[in-house]
Amino acid sequence: MDDRLVPEQLACTVVIPCRDEALALPTVFRTIPDGMNVIVVDNGSTDGTADVARSLGAEVVYEDVAGYGAAVHAGILAATAPLVAVLDGDGSMDPADLPELVSVVSRRTATMAIGRRRPEGKGVWPWHARAGTAVLAWWIRRSSGFGVHDLAPMRVCRRDDLLALDITDRRFGYPLELMIKASRAGWTVHERDIVYRSRARGTKSKVSGTLLGTWRTIVDFAGVLT
Ligand SMILES: Nc1nc2c(ncn2[C@@H]2O[C@H](COP(=O)(O)OP(=O)(O)OP(=O)(O)O)[C@@H](O)[C@H]2O)c(=O)[nH]1
Ligand SMILES: [Mg+2]
């Protein structure tokens, strides 16, 4: 039997939250799968991210509230396809990994398909970020029963399902709240390996690359867990 997906089953809006990722976006767009439309959500970039995104064929959505979660939520609201995907716009992830995740959700093998970062080469993923991820993933496994090893850095699910979870975190606690609420709602989650590379040269980390970023993330996670 031919089990390839027809184009409608791959219909997916790709949401990319971006703050100052103008230099990374051309790389990211190189491997956006055919048939997927892209929404870049910008709130406060000063490097021309929105113009670059538009020139690459993306729809640009502006969000007044700063933060990763605020940007993701605005993108999901603006999405038009039944399936939504979220990934970073810093060049660390490859959109070529999306069709496999989309296929899992399209076939209803799981409610949500997520990526597990597998770093390509040394120094791609700083030890403190990796250790923090491992601890949180362990905690999520224990409390949710999801067999996950990462914090859903790339994810695909149905837009309606996601909006029904009513996620309220607007910063970096968003993925953690998503996992907690998905578990309570009885979702199933399927995790697959995805490639993880260094962010594009010339762009700045908002999380693990700086102490302030790491601290802000810890505060956001603590806010979700309490
Ligand atoms: N629109 C918007 N995007 C953001 C904001 N903060 C982060 N992002 C984007 O969210 C994605 C993830 O942020 P990153 O800085 O790459 O964080 P990370 O991948 O967890 O950590 P490192 O890349 O290792 O520092 C990137 O595409 C950022 O540009 C924000 O306040 N607004
Ligand atoms: Mg990143």
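Brief remarks follow.
- Residue in segment 62-81 that is touching a helix residue (DSSP H, G or I) at 6+ places or on another chain (Cβ under 8 Å) and among the hydroxyl-bearing types (S, T, Y) present: yes
- Contacts under 8 angstrom Cβ, first residue in segment 126-142 being farther than 17 Å from W215 by Cβ, partner outside any helix (DSSP H, G or I) and of a type in the set (A, V, I, L, M, F, W, C), 6 or more apart: A137/V148; A137/L151; I140/F146; I140/V148; I140/L151; R141/V148
- One residue stands out in segment 66-101 among those that are more than 18 Å from T217 (Cβ to Cβ), out of contact with any Ser or Thr (no Cβ under 6 Å at 6 or more places or on another chain) and of a type in the set (G, A, S): the one that is farthest from ligand 2 (Cβ to nearest atom), namely A78.
- For segment 130-157, a residue qualifies if it is surrounded by fewer than 18 Cβ atoms within 10 Å (Cβ to Cβ), assigned to a helix (DSSP H, G or I) and away from ligand 2 (no atom under 16 Å from the Cβ), and the qualifying residues are A131, A134, V135, W138, W139, R141, R142, S143, S144.
- Residue that is nearest to ligand 1 (Cβ to nearest atom), among those in segment 42-56 that are part of a loop (DSSP other than H, G, I, E, B) and under 11 Å from L25 (Cβ atoms): S45
- Evaluated against (1) polar (S, T, N, Q); (2) within 16 Å of ligand 2 (Cβ to nearest atom); (3) assigned to a helix (DSSP H, G or I), S183 falls short on exactly one condition, (2).
- Looking across segment 169-215, the residues that are more than 16 Å from ligand 1 (Cβ to nearest atom) and either under 30 Å from E120 (Cα atoms) or not hydrophobic (A, V, I, L, M, F, W, C) (or both) come down to I180, K181, A182, S183, R184, G186, T188, V189, H190, E191, R192, D193.
- Taking segment 157-197 as the range and being in contact with a Ser or Thr (Cβ under 7 Å, 6 or more places away or on another chain), under 30 Å from P26 (Cβ atoms) and at pLDDT 95 or above as the test, the residues that pass are C157, Y196, R197.
The values are calculated or read from the model by the stated rules, or taken from the named source; none is laboratory data. Keep in mind that what you see is a predicted model, and the values were worked out from it rather than measured. Neighbour counts are summed over all protein chains in view; Cβ atoms, including those assigned to glycine, are modelled from backbone coordinates with ideal geometry.
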